[in-house]
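Report on the structure given below.
The values are calculated or read from the model by the stated rules, or taken from the named source; none is laboratory data. Here the structure is a predicted model, which means the values were calculated and not measured. Glycine also receives a Cβ, built like all others from the backbone with ideal geometry; neighbour counts cover every protein chain displayed.
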Amino acid sequence: MLRALSIDVLNDEQFRRALEQAPETLRKHLKKSVGRGGQEAARELKRNAPKAHSTLVNSIRSARDGELTAIAAPNTDYAAFINNGSQPGGAPPLQALIDWIRVKGITPNNPAHDQRDLAFMIRRSIARNGIKPQPFNDEAAEKITPRIEQLLRQSVTNALAEVGL
């Protein structure tokens, strides 16, 4: 489910000059921008994530996994199924569906059924048909990529300005 964003700055002349003349200053500015980019990516993921409960949205975090890398991702066991969809065969827990129905305020069309009956029918439908993808992760990546590129380019400009170039 993770989608990696890779920003190529090696072909940028300004970047090469900063790397050659002020590598530590450049590293300092890039680290700051990577951290901020990770936070902004997490915020964008939260905006795009489907919301029934707040569990998925609240699980989204940004963390550094290297000096110049960060990960923004949900920390739930079902986020991949929401993003990628699922094939027939699996079914969500019945209580999770009951809770979802309550949060959404859905009432059964048939007055003889209650929310538990409706949850059971939805569960059975998911087991038979799977679920359609809701690619919130990919959509967030598309939206945030230009902003992260802007942050990294600004880092290079700030590093060069700091050393007087």
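Select from segment 36-55 the residues that are at pLDDT below 85 and assigned to a helix (DSSP H, G or I) and list them in ascending order.
Thr55
Determine which member of the set Ser33, Ser6 is in a loop (DSSP other than H, G, I, E, B) and either exposed (fewer than 14 other Cβ atoms within 10 Å of the Cβ) or at pLDDT 80 or above (or both).
So the residue among Ser33, Ser6 that is in a loop (DSSP other than H, G, I, E, B) and either exposed (fewer than 14 other Cβ atoms within 10 Å of the Cβ) or at pLDDT 80 or above (or both) is Ser6.
Of the numbered conditions (1) of a type outside the set (Ser, Thr, Tyr); (2) loosely packed, with under 15 Cβ neighbours inside 10 Å; (3) within 30 Å of Ala127 (Cβ to Cβ), Ala73 fails exactly one; give the number of that condition.
Just one mismatch for Ala73, condition (2).
Across segment 9-24, which residue is modelled with the highest pLDDT among those that are over 17 Å from Gln150 (Cβ atoms) and assigned to a helix (DSSP H, G or I)?
Glu24
Being at pLDDT below 90 and among the charged types (D, E, K, R) is true for just one of Arg116, Arg102, Arg147, Arg124. Which residue is that?
Unique residue meeting the criteria: Arg102.
Can you tell me which residues in segment 27-59 are touching a Lys or Arg at 6+ places or on another chain (Cβ under 8 Å), within 30 Å of Lys104 (Cα to Cα) and either of a type in the set (Val, Ile, Thr) or in contact (Cβ under 8 Å) with a residue 60 or more places away in the chain (or both)?
Selection gives Glu40, Glu44, Asn48, Val57.
Just the residues that are assigned to a loop (DSSP other than H, G, I, E, B) and more than 19 Å from Lys51 (Cα to Cα), please, taken from segment 99-122.
Pro108, Asn109, Asn110, Pro111, Ala112, His113, Asp114, listed by residue number.
Give me the pairs, please: first residue somewhere in segment 68-85 and at pLDDT 85 or above, second residue anywhere and among the charged types (D, E, K, R) and surrounded by fewer than 19 Cβ atoms within 10 Å (Cβ to Cβ), beta-carbon distance under 7 Å, and either six or more positions apart or on two chains.
Matching pairs, first to second residue: Ala70/Arg64; Ile71/Asp65; Asn75/Arg61; Gly85/Lys132.
Within the set of pairs 6+ apart or on separate chains, which have a first residue in segment 133-157 that is within 17 Å of Gly35 (Cβ to Cβ), a second that is in a helix (DSSP H, G or I) and β-branched (Val, Ile, Thr), and C-beta atoms under 9 Å apart?
Here the result reads Ile148/Val34; Leu151/Val34; Leu152/Val34; Ser155/Val34, each pair linking segment 133-157 to a residue that is in a helix (DSSP H, G or I) and β-branched (Val, Ile, Thr).
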